[in-house]
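The values are calculated or read from the model by the stated rules, or taken from the named source; none is laboratory data. Please read these numbers as outputs of a predicted model, since none were measured by experiment. So basically every Cβ, Gly included, is an ideal-geometry build from the backbone, and we count neighbours across all protein chains shown.
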Amino acid sequence: MTVQERGAYRVIGQGIPRLDAADKVSGKAEYADDFHVPDTWYGAVVRAPVACGKLKSLSRDPAFDWSQVAVVTPEDIPGNNIVDMMGRDMPFIAHDEIQYLGEPLALVAAPSLHVAKQAAAHFKVDVEERPALLTLQEMVAVYKEDPAKLHKLSGQTIRKGDAASALKDADIVLEREYTAGHQEQLYIEPQGMVAIPERDGTMFIHGSMQCPYYINPELCETLDIPPEKLRVKQSAVGGAFGGKEEFPTLIAGYCALLALKTKRPIKMIYDRNQDILYSTKRHPSWSHYRVGVMKDGTIRAIECDFVLDGGAYTTLSPVVMYRGILHAAMGYRCENVSIDGHVYRTNTFPNGAFRGFGAPQALWAWESLIDELAAACGMTPDAFRLKNCLHEGDVTPTGGLLRDSVGSPEVLEKTLERCQFAEKWQQCSRGKSGERLWYGIGLSFFAHGSGFTGDGEARMKSKVALDLETRADGTPIVNVRVSSTEMGQGTGTILPQVAADALGIDVTHVDYPMPDTFKVPDSGPTVASRTAMVVGSTIYSAGQKMKADLESFVSETLFDGQPTELVENQFRAEYDNRSIPFVEGAAAYLASHGPFRVYDQFKLPDYVKWDQENFVGDAYPAYAWGCNVAEVEVDTLTCEFRVTKVTAFFDIGRILNPVLAMGQVQGGLIQALGYAMMEKLAIKAGKYDADRMQTYVIPTSVDGPEMDLHFVEYPWDHCQPGAKGVGEAPMDGLAPAIANALEAASGVRLRDLPLTPERLFEELSRSQRLTA
Amino acid sequence: MSELHTIQTNINGKPVEASVPGRLLLSDFIREELRLTGTHVGCEHGVCGACTILYDGLPSRSCLMLAVQADGHEIVTVEGLASNGELHPLQEAFKAKHGLQCGYCTPGFLMTLVPFLAEHPDPDEATVRDAISGNLCRCTGYQSIVDATLLAARQMREKAGAVDGSEATS
Amino acid sequence: MKPAPFEYMAPESVDAALQLKARHGAGAQWLAGGQSLIPSLNFRCLKPDYVIDLNGLRELSYIRFESGQGVRLGGMTRYHELEHSDVIRQHAPMMHDAIPYIAHDAIRSRGTLGGSLAYADPAAELPTVTTALRARYLLRSESSERWVQAEDFFVGMFQTVMQPDELLIEVEIPLPKAGAAWGFIERSRRHGDRVLMGVAATLTLQPDGTCADARLVYQNGAPAPRLAPQAAASLNGKALTDEHIVAAAKQAAYEEIDPESDVHASSAFRRQLAFELTQRALRDARERGTAAISEEGAGA
């Protein structure tokens, strides 16, 4: 099957305004903290005072007035005291071992937040403190000495060919290490949730989240309630970026446990300080490579250790690591690949999902190393990439065949041409002494796997529904029923566009109600750049089904059985040219049959084969492709640098809404700029040192470079309309492009993220390149 | 200690009288007491800008003011921008140019930009970027916000020009 | 992140304010613009029993030029008023240039001169700038009044010589001499953020091109605005050559200041910044001084 040409679409491909824009610009959109539920109590968490230790006792200060306070300890948990995520190693409330500073020891609720917080501060905690392992650097030091001394949370290998012997044949072998630090999602709306115990025993969870169907079922075991008694509804979400993927299960659980105990609605809204200290971050990573190349630039063998700092518990770390190792040698031809992925425990809050999900860490190292390899072969970075990059028909490190929709090498070639890379590469300063400013240009090129890793989509079988219903004003409306959430990225606009296009109607007749597990099937979590591709294509086929059913109804009841087509909002009879508007035909259907629901389900094509145990086969059904070029200017005296321009091309398959897609690229690149140059968390006494917005610094409107951004369209052939996802690819490649540009400018290479003036100053001082 | 203070203020053009404890933040007063939840709270130490409101016409962080300081002063929140059911041209431009994604920071940007555009009817891109540099947005990368602001400025100039023109000919 | 309970008081005159403060002493906190105080209350770094709001004291909000004397600024004058004042632009241009570095519009609309000085954050602009401008501050209590020179006012991080019953009433900036010139430059990780390092240089360029009255003051170079008297003295009586500038910058950055390491940057990096920024500030001053001399020459 081949997808339609672009021109065949009417609504898809239009940059229509967001459907939620009017509510958001007028202050009407309701975020979690905006709900006013009568008789609500406020929750707070009693937190562990040490990063590692054994809890000996927990008692309440008898001098405090506890009459207006509800307390939940592990004994109050109706089901198992376990968070049902991967590893099943995290308790909801710690009762014995403490694995990170601030781990919950008890929950409290009170009629006011003030009293709840005071109550939480009036517990006496007796712990036996143990030495904590806190940082990536400490973890890597132990790993180098003896990995068995670490607590392993997950491991996975990729083996292709025979990397060990091939390395021996290589002309040049480079061994390099790169690290990347924590990154905080820093959505502007902090985490927030409300749990409302209903009279019929239903627990209603309403709040800020990416994945309603994570919370149900993950909370069922803890609360000991059946899935049909746990209702989860998304509020407007003020940004997420992965930070509201798995974390909301925790805060929802705190609220629900307190709601069970008090039989009242419970609200918890984290303040920024709590949010930074006690929510997930991007995993710090250490990548260790040994790569062999021939003098002509052929990559002979790749060996890689990819090690993630998992934080205290397993949560989603294995899958983050999988995506990391699947991108750690991706993009280029090589017959001999050996990658070992590991996740180890440290005593910090569990690290978790963040836009890119392991790929930015892997590509940071890999795309930096590609420049180093090019230099070792005496080649320019562009020539080396053009020589080795994967083309259609090539094979990935796991042996997957790139069958179709491969935007490589086009994105690479177009970017190089657009920014005149070859000429500018010649003009780079390379640390020339006596200059006031240094100039450098740097490049990165990458693929980003679309959808779940491995056989995830095959197991998920995303389900979607379209409902033809009657609006309050009596007119028909098609409601998109999915669990895929709108968190700013545009789901609530693109999915109605896809449905409208499939139906042959205007998007004004389609709506996207906020997901509510009592009303929507499980279309899967809103992660992994999968919504446009997987959920979008399933909506498309559901729309086509609904269209066919409506056409045959109108044909039989109104057009005497003539073949009838719904196109451009009109049901048209083929023979006598009669036509009626969509709303009229749909209203007739509703009057005769009542509301009408169409289901559909995503199915991976049969040719996609994946061996999850050995990591062999098609790791992803398709890939988005990207190329980023950064140009930098370095002040040779203060070592301050700025990115003056970014040129980028992305192949994200079919573009559903070009303005929304460009917004994802612009926003993603600025977030990647923050990751590359600004965002920094160190750990002092077990605690993140940058625990407020004043110290955790993200880019503002004056920190961004000039941007020259473009798309090429290689739609995924398997299903209409052929989108491949745009959410994450913009996060992947900017950091290495900037590091490469900085080397071209200054002559020194930085191998640790973030790249700060201070780090450059240290390296330049070490290499005695400073003018002073 | 926490006795109540009676305040008389004007919120979005309407007189409001209330009794507030001294320590109540203006942001909490607006959100919790007045239920004007369009003013968002993102950091409570004046960095993110989501809670920006107009205080006697000047953009101010409502998380860095006390409710009692509203006594005798005029407050405008995002809910006060539309008039007679019509969105402010800046709100229309944010819609048209996708000057928002998650929308959480949006009211703060709007309340920063409304007085800015009154003072700078014809700004260039750099001036707009400087004006919004105290408002954090984690979604858009700011370009669409800048584009929306420039569009709004143009449309407001055109509208003002049209009004002037009609007056001149009448 | 909410303030602890306190009693709020809003006096309507300076005298009434001073009476209240005299009664409640250190347990009472002045509330000026609140742009630093309220975060401290929100984080509960400060838990005063009483908050005395000065925002009703219109009498403390003024910008006056008095010929032959200098510029007088009321303690409750807001940043945005300074920013848009022609008096400041003409008679204290360094202050005019420094104000836009302070945070953002929505902060400058509330923050005040007196609040910034009394808060004594070493990373703030106005303590450094007024020290470089040889300003003096008028402190008043219910029973007494005194003037304190800016360089004697700051004693440490968030610490001044102010007594618990005193209020900063006025700042007086003296008139510059002929040939007066200045340079101000600062760096932060991000526009409007807490500075990593800043330097304010003032000097007088004599008609023969030699330098006099040099003063170098560092923002965040120590727990309080820090002068570099030896580096400054090394410039006096000499022509402002690049060589002298580099030597002075080196002495100030590596011997006379004492920057701390924190979440934003290390001490070593801050010294490197100070070294470079001092040179730039002095070169800016040289340029301005040379222009001033040639203007005066042309005028004569």
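The figures follow:
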| quantity | calculated |
| --- | --- |
| Some residue of segment A:218-230 being aliphatic (A, V, I, L, M) and within 14 Å of chain B (Cβ to nearest Cβ) | no |
| The one condition in (1) in contact (Cβ under 8 Å) with a residue 60 or more places away in the chain; (2) in a helix (DSSP H, G or I); (3) of a type outside the set (A, V, I, L, M); (4) under 22 Å from C:Pro48 (Cβ atoms) that B:Ser27 fails to fulfil | (1) |
| Residue in segment A:396-411 that is more than 22 Å from A:Arg159 (Cα to Cα), outside any loop (DSSP other than H, G, I, E, B) and touching a strand residue (DSSP E or B) at 6+ places or on another chain (Cβ under 9 Å) present | yes |
| A:Thr636 vs. criteria in contact with a Cys (Cβ under 7 Å, 6 or more places away or on another chain) and either in contact (Cβ under 8 Å) with a residue 24 or more places away in the chain or outside the structural domain of A:Ile325 (by TED's automatic domain parsing) (or both) | no |
| Hits in segment A:195-225 - residues which are surrounded by fewer than 18 Cβ atoms within 10 Å (Cβ to Cβ) and over 18 Å from A:Leu258 (Cα atoms) | A:Pro217 |
| Test: residue in segment B:12-21 that is buried (at least 16 other Cβ atoms within 10 Å of the Cβ), touching a helix residue (DSSP H, G or I) at 6+ places or on another chain (Cβ under 6 Å), within 14 Å of chain A (Cβ to nearest Cβ) and without any contact (Cβ under 8 Å) to a residue 40 or more places away in the chain | no |
| Selection count, segment B:22-62, where residues are crowded, with 19+ Cβ neighbours inside 10 Å and either in contact with a His (Cβ under 7 Å, 6 or more places away or on another chain) or basic (Lys, Arg) (or both) | 7 |
| Single match in B:Gly46, B:Gly42, B:Gly38 (criterion: in contact (Cβ under 8 Å) with a residue 60 or more places away in the chain, touching a helix residue (DSSP H, G or I) at 6+ places or on another chain (Cβ under 6 Å) and either of a type in the set (S, T, N, Q) or part of a loop (DSSP other than H, G, I, E, B) (or both)) | B:Gly38 |
| Of all residues making up segment C:95-120, the number that are more than 13 Å from C:Val171 (Cβ to Cβ) and either within 14 Å of chain B (Cβ to nearest Cβ) or surrounded by 23 or more Cβ atoms within 10 Å (Cβ to Cβ) (or both) | 15 |
| Selected residue (criterion: farthest from B:Val68 (Cα to Cα)) from residues of segment C:1-56 that are basic (Lys, Arg) and surrounded by 16 or more Cβ atoms within 10 Å (Cβ to Cβ) | C:Lys21 |
| Residues of segment A:298-317 classified as under 23 Å from A:Gly456 (Cα atoms) and in a strand (DSSP E or B), total | 5 |
| Evaluation of A:Ala690 against (1) in contact (Cβ under 8 Å) with a residue 40 or more places away in the chain; (2) surrounded by fewer than 22 Cβ atoms within 10 Å (Cβ to Cβ); (3) over 30 Å from A:Leu134 (Cβ atoms) (one fails), failing number | (3) |
| In segment A:277-327, the residues that are surrounded by fewer than 24 Cβ atoms within 10 Å (Cβ to Cβ) and of a type in the set (A, V, I, L, M) | A:Leu277, A:Met294, A:Val319 |
| Positions within segment A:353-371 being in a helix (DSSP H, G or I) and of a type in the set (Phe, Trp, Tyr), in sequence order | A:Trp364, A:Trp366 |
| Failed item, numbered, when A:Arg597 is tested on (1) surrounded by 17 or more Cβ atoms within 10 Å (Cβ to Cβ); (2) in a strand (DSSP E or B) | (1) |
| Yes/no for C:Ala222 being assigned to a loop (DSSP other than H, G, I, E, B) and within 13 Å of chain A (Cβ to nearest Cβ) | no |
| Helices (runs of 4 or more DSSP H) wholly inside segment B:81-170 containing at least 3 residues that are more than 14 Å from the chain's Cα centre (by Cα) and either within 14 Å of chain C (Cβ to nearest Cβ) or buried (at least 18 other Cβ atoms within 10 Å of the Cβ) (or both) | B:89-96, B:125-131, B:143-169 |
| In segment B:47-71, the residues that are closer than 17 Å to C:Phe43 by Cβ, within 11 Å of chain A (Cβ to nearest Cβ) and within 15 Å of the chain's Cα centre (by Cα) | B:Cys48, B:Cys51, B:Cys63 |
| Filter pass, A:Tyr187 being within 14 Å of chain B (Cβ to nearest Cβ), surrounded by 14 or more Cβ atoms within 10 Å (Cβ to Cβ), in a loop (DSSP other than H, G, I, E, B) and of a type outside the set (A, V, I, L, M, F, W, C) | yes |
| Qualifying residue in segment A:259-277 (condition: among the small types (Gly, Ala, Ser) and within 26 Å of the chain's Cα centre (by Cα)) | no |
| Residue in segment C:175-197 that is in a strand (DSSP E or B), away from chain A (no Cβ under 14 Å), within 23 Å of C:Gly75 (Cα to Cα) and touching a Leu at 6+ places or on another chain (Cβ under 7 Å) present | no |
| Exclusive hit being of a type in the set (Ser, Thr, Tyr) and in contact with a Lys or Arg (Cβ under 9 Å, 6 or more places away or on another chain), set A:Ser484, A:Ser537 | A:Ser484 |
| Residue in segment A:231-251 that is nearest to the other protein chains (Cβ to nearest Cβ), counting only those that are in contact with a His (Cβ under 9 Å, 6 or more places away or on another chain) and buried (at least 24 other Cβ atoms within 10 Å of the Cβ) | A:Gly238 |
| Checking A:Asp34 against (1) more than 30 Å from A:Ile652 (Cα to Cα); (2) within 11 Å of chain B (Cβ to nearest Cβ); (3) in contact with a Pro (Cβ under 9 Å, 6 or more places away or on another chain), the condition it does not meet | (3) |
| Every pair of residues 6+ apart whose Cβ atoms lie under 8 Å, when the first sits in segment A:641-669 and is in the same structural domain as A:Gly626 (by TED's automatic domain parsing) and in contact (Cβ under 8 Å) with a residue 24 or more places away in the chain while the second is acidic (Asp, Glu) and assigned to a helix (DSSP H, G or I) | A:Phe649/A:Glu410; A:Asp651/A:Glu410 |
| Per-region count, segment B:107-127, residues touching a residue at least 24 places away in the same chain (Cβ under 8 Å) and of a type in the set (Val, Ile, Thr) | 2 |
| Filter result for A:His283 (within 25 Å of the chain's Cα centre (by Cα) and farther than 29 Å from A:Met693 by Cα) | no |
| Identity of the residue in segment A:616-646, aliphatic (A, V, I, L, M) and under 19 Å from the mean Cα position of the chain (by Cα), that ends up farthest from the other protein chains (Cβ to nearest Cβ) | A:Ala619 |
